[in-house]
Amino acid sequence: METKQEIQKSMMQAVTTVKETNPMAGSITNTVTINFVANAQLAVGGSAAMVYLPDEAAFLAEAGGATYINVGTIFPIYSETLPSVAKILHEKQKPWVLDPVAVGIGSLRTSLLQQFKPFKPAIIRGNASEIIALAGLWELDGGATESKVRGVDSTDEVFAAQHAAIALANWTGGAVAVSGETDLITDGTQVAISKGGSHFMEKITGAGCSLGGVAAVYATATTPFIAALTATAVYNLAGKRAGQLVDGPGSFQQQFLDELYKATAEEIANNPFEMQEVLV
């Protein structure tokens, strides 16, 4: 297990690399949040491309450094697009981020998420209920067979999903980020608890979706665990700062993007977090 100082050094390097190289992280994402996801990716130094057609998605999977897949809004064509893209990413060993929004709701969404299991995303990001439900769908420890997801909202506390998150991370060989009032990030052997953010993040659409897109940007430059932790840290830092400067959700969203853009590598790495070793 790396020391906290070693982890912070890796986080700073990831942020610096992204800002210097402007890496491409394509997205197939929730139509409600496309604009916010793209703007957040640009704000941290990445390059965004939003697609949904099979051939365009396949091209980005081949050409991009990482890909973000969010199942928040489902179209029939996704039955062709998503499994084929996930297969390409797995075969090419390209990192990809899965956001299992509203897992357990609807037959197409459930089928797609089942098909993703062998293609092992580098990062899975979701709220506690989504992480528990996905582990259940994939028949992993800590999962539940009945989804407690309420739309895109969680009905479970973050730490209730720790067992499921660890099981998912061990299955994929990557990392899992559980988002909530306090955030939990694990690679199956260690757990990071990241703090910060703002209550306004619950009052806007796309805070979680755009976090997944930013995690994909950082995944082009570092390991899944460091990418997930760095993305969570910059969100908690920017959210806290933006929340102190505004008095409503509309102005918060605008200020939040500004704070994502202004955050330095050192500031992101020093946003409060705690490390815990997973006991076997």
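Please treat every number below as a calculation from the coordinates, not as lab data. Not measured: the values here are computed from a predicted model. FYI the Cβ positions are ideal-geometry reconstructions off the backbone, even for glycines, and counts take in every protein chain you see.
When each of N30, N22 is tested for being on the phi > 0 side of the Ramachandran plot and touching a strand residue (DSSP E or B) at 6+ places or on another chain (Cβ under 9 Å), the lone residue that passes is N22.
Among the residues of segment 63-72, are any of a type in the set (F, W, Y), surrounded by 24 or more Cβ atoms within 10 Å (Cβ to Cβ) and touching a residue at least 12 places away in the same chain (Cβ under 8 Å)? Scanning segment 63-72, I find at least one residue that is of a type in the set (F, W, Y), surrounded by 24 or more Cβ atoms within 10 Å (Cβ to Cβ) and touching a residue at least 12 places away in the same chain (Cβ under 8 Å), so the answer is yes. Out of the residues in segment 224-242 that are of a type in the set (G, A, S) and under 26 Å from A165 (Cβ atoms), which is surrounded by the most Cβ atoms within 10 Å (Cβ to Cβ)? My answer is A228.
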